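These notes concern the structure reproduced below.
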Amino acid sequence: TPEIRFEGFTDPWEQRKFSDLTDRVSIQSSDSDLPQVEYEDIVSGEGTLNKDLRDKEGGKTGIKFYAGDVLYGKLRPYLMNWLYPQFNGVAVGDFWVLRATKCDSSFLYRLIQTNNFQRLANVSSGSKMPRADWNLISQSFFAVPADHAEQKAIAKSLAELDSLITLHQRKYDKLCTVKKSMLDKMFPKLGETEPEIRFEGFTDPWEQRKLGEVASIKTGPFGSLLHAEDYVVDGIPIVTTEHFKSGFLPDEIAGLPQVSESDRARLEQYSAIEGDILFSRVGSVDVNAQVTAAQSGWLFSGRVLRARPTVSVISPNYLHYELSTDDVKRSIINRAVGGTMASINTEILEDTEISFPRSRTEQLEIGRSLGNLDSLIALHQRKLELLRNIKKSLLDRMFV
């Protein structure tokens with residue numbers, strides 16, 4: 001029996017062979033009137049569609065499925081391309097179409113998401129194009145409640161959690177779209193001197209300067225001063241290239257263990273303070289992250305560039321968002337060097353052209369409004385992470 005169960009269910013679960021629980025459907029169809037589902041249409045791990053399938057052209061050949069069938073992406077199963085469609089359609093690509101026989105279909109959909117099933121599905125030959133092995137999966141045994149009512153209760157609770165995750169994902173996506181629009185309209189476009197929208201009461205023209213004129217740019221230390229292999233969880237945090245993914249630095253990162261007084265003095269010049277803006281020198285060179293008060297004192301490695309604003313001229317918050325606009329990001333990428341792995345240096349950042357209002361009050365208003373929006377985005381992101389962790393925990397504890 002699983003670790004947690006719904007009240008009223010006490011019977012032990014049964015070990016059932018997967019092939020006894022479901023049929024694997026393989027009837028081909030190219031019916032252009034039926035919606036087509038491909039890997040690219042599914043949000044990985046969420047079991048939702050990322051587009052309206054009615055907007056796609058039909059006619060491709062795939063496996064015909066009916067509402068209530070379970071779609072499981074067998075190619076690279078770790079991508080978690082699964083779907084529980086409530087419509088008839090055609091699965092195009094490397095899908096298993098599973099039709100429940102001796103279990104509830106909604107329970108079957110949850111079963112394929114469990115760690116036990118995923119571990120087996122990822123046991124496959126080949127490294128470039130691994131596929132789940134049907135012979136292995138079909139002959140494997142899984143614990144299943146004999147009572148269909150318990151199966152449905154489990155599936156229903158997880159479906160409600162999925163709906164909550166989808167709701168917060170939509171709110172998060174909407175806020176990100178609003179932010180993108182605000183960044184586009186609140187800063188001058190390339191070649192223009194004023195933005196499309198401004199706060200009431202501000203009419204002065206904006207200044208155009210190079211970043212090096214309003215901020216000091218510095219590269220982190222190279223060589224043996226910072227050793228990645230020496231990093232520890234409770235050490236002095238060190239920002240590296242891996243931390244530039246979302247535009248926010250993680251709350252906790254690994255770093256150096258306690259260092260000597262002489263080393264600490266040498267490292268002080270590579271210590272970030274609140275308001276500093278950090279860039280990765282390689283990879284995601286157009287993404288910047290601003291150092292918060294809680295992150296003040298963190299070190300930055302040799303693969304990181306620090307821009308420290310001259311606060312008497314420009315607001316750090318304002319500069320952070322100016323450097324996040326599409327025009328500035330494109331400017332940085334277009335001047336980056338290297339082929340497959342873009343790289344920037346202090347000169348590239350120093351020569352980056354920016355615009356800003358002369359009024360510090362206007363700078364602060366822009367930074368404050370976008371900062372409030374970022375706080376909302378971060379709130380929904382944390383809720384999403386929490387809900388996903390709850391779901392992962394329930395999948396572990398509600399199944400055997």
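All of the numbers you see were taken from the coordinates with simple rules; none came from a lab. In this text, all values refer to a predicted model and were calculated from it rather than measured experimentally. Cβ: placed from backbone, ideal geometry, glycine included. Neighbour counts: every protein chain shown.
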| message | Just to be sure I understand the model, the point goes 7 Å from the Cα along the line to the Cβ. What's the resulting LYS245 to ARG397 distance in nm? | response | 2.6 nm
| field | Selection of trypsin sites (Lys or Arg not before Pro), region 174-207, meeting DSSP coil and at most 15 other Cβ within 10 Å | value | LYS189
| note | Taking the dipole of the chain about the Cα centre (Lys, Arg +1; Asp, Glu -1; charges at Cβ), the one of SER216, MET186, SER163 that reaches farthest to the positive side is SER163
| task | Mind scanning LYS156/LYS179; LYS185/LYS210; LYS51/LYS391; LYS51/LYS156; LYS60/LYS179 and naming the pairs with a C-alpha gap bigger than 26 Å? | result | LYS156/LYS179; LYS60/LYS179
| said: Could you tell me how far the Cα centroid of region 11-61 sits from the Cα centroid of region 132-163, in Å? | reply: 16 Å
| query | Using a Förster distance of 45 Å, how high is the FRET efficiency between ASP55 and SER359, based on the Cβ-Cβ distance and rounded to 0.05? | reply | 0.50
| field | Net length gained if the chain between ARG209 and ASP173 were fully extended (0.36 nm per residue, minus Cα distance) | value | 9.7 nm
| request: Return the long-range amide H neighbours of THR22 (sequence gap of 5 or more, or a different chain), with a cut-off of under 5 Å between placed amide H atoms. | output: THR101, LYS102
| Test item: Cα-centred dipole of the chain, Lys/Arg +1 and Asp/Glu -1 on Cβ, debye | 700 debye
| query | What spacing in nm lies between the two simple spin-label points modelled at GLU350 and GLU252, each 7 Å away from Cα in the Cβ direction? | reply | 3.9 nm
| If you take the Cα Rg of region 235-317 and divide it by 2.2 N^0.38 Å, with N the number of residues, what do you get? | 1.07
| remark: So, for the Cα atoms of region 268-400, Rg and Dmax in Å stand at 18.2, 64
